[in-house]
Structure formats: structure tokens, C-alpha cells
Amino acid sequence: MSGFSVTALQGLPEIRPGDDLPALIGNALAAAPEGVRDGDILVVTSKIVSKAEGRQISAADREAAITAETVRLVAARTHPGGVTRIVENRQGLVMAAAGVDNSNTPHGTVLLLPADP
């Protein structure tokens, strides 16, 4: 059989600091009607790992949080919505915005990347 499909794992709660991700994921996999088959690949987002690690911080200014996580500016591009910075972060990863994420987080907070991605 050839092909590629993506299926979201159902049954995971909103992840909170201190949650046991392996247990939560294992329980959700065990309850999944399709189960796990040879050749399946499980992808876990850095966002839920960050949430479980408690990497959500107060940040009135996302740009300041990006600056705090940056060790080296690689490139910057100004556009109508602001500036996009490609930087090297504290873990040595090169990416946009140092991996600082403010999507789907409470107002005035951001998520940093996991401590050891």
C-alpha cells in the first residue's frame, strides 16, 4: 500500500504545566479505534511539550521575549505587519522569532521552546 495520511490523535486534554505527556499520549493511543500499526509515525508538537514543561511566561511584548531568547540575528525583513527576524536561539536552533509562540496562549503570555527540544 502506498500513500500518506495524517490523523489527529483524539482524546488529549488541554496540556498544562506538569502533565505527564507520555501517559496522556499512551492513553489516547490505547483508546484510538485505529490503534497504532507498523510504520506509523507519531509526531508531538513542541507546543504541548512547552506547555507540559511550564514554559509559558508573561510577556507584554512578544518582541522583547524574542530578543531575550536570541543569541544571534541571522536575517531580518521588514513587512507591513512588522519585522520578521530569523535568529539563532539559546539552544543553537536557527528559526523565525526564536521559536517564541503567542498563538493560542492567554493574552500577555508567550510559549518558549522546550528546555531541551
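The values are calculated or read from the model by the stated rules, or taken from the named source; none is laboratory data. Nothing here was measured: the structure is a model prediction, and the numbers come from that model. Virtual Cβ from ideal backbone geometry, glycine too; neighbours counted across all protein chains shown.
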- line: (1) of a type outside the set (Val, Ile, Thr); (2) in contact with a strand residue (DSSP E or B) (Cβ under 6 Å, 6 or more places away or on another chain); (3) at pLDDT 90 or above all hold for residue 59 apart from (3)
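Scanning region 54-96 for residues that are among the polar types (S, T, N, Q) and in contact with a Pro (Cβ under 9 Å, 6 or more places away or on another chain), which turns out farthest from residue 106 (Cα to Cα)? So that I can check it myself, show each step before the final result.
Initially, region 54-96 is screened for residues among the polar types (S, T, N, Q), giving 56, 58, 67, 70, 78, 84, 89, 91.
Then drop every residue that is not in contact with a Pro (Cβ under 9 Å, 6 or more places away or on another chain), which leaves 56, 91.
Details: 56: 9, 91: 25 Å.
Only one residue fits best here, namely 91.
Within region 81-117, track down each residue that is among the hydrophobic types (A, V, I, L, M, F, W, C) and on the phi > 0 side of the Ramachandran plot. Let's see the steps before the verdict.
So in region 81-117, the residues among the hydrophobic types (A, V, I, L, M, F, W, C) come out as 83, 86-87, 93-98, 100, 110-113, 115.
Across region 81-117, the qualifying residues are 97, 98.
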query: helices (runs of 4 or more DSSP H) wholly in region 4-117 with at least 2 residues that are polar (S, T, N, Q) and surrounded by 10 or more Cβ atoms within 10 Å (Cβ to Cβ) - which ones?
result: 46-53
message: I need the full set of residues from region 70-105 which are closer than 17 Å to residue 117 by Cβ, over 15 Å from the mean Cα position of the chain (by Cα) and of a type outside the set (A, V, I, L, M), in order please.
response: 70, 88, 90, 92
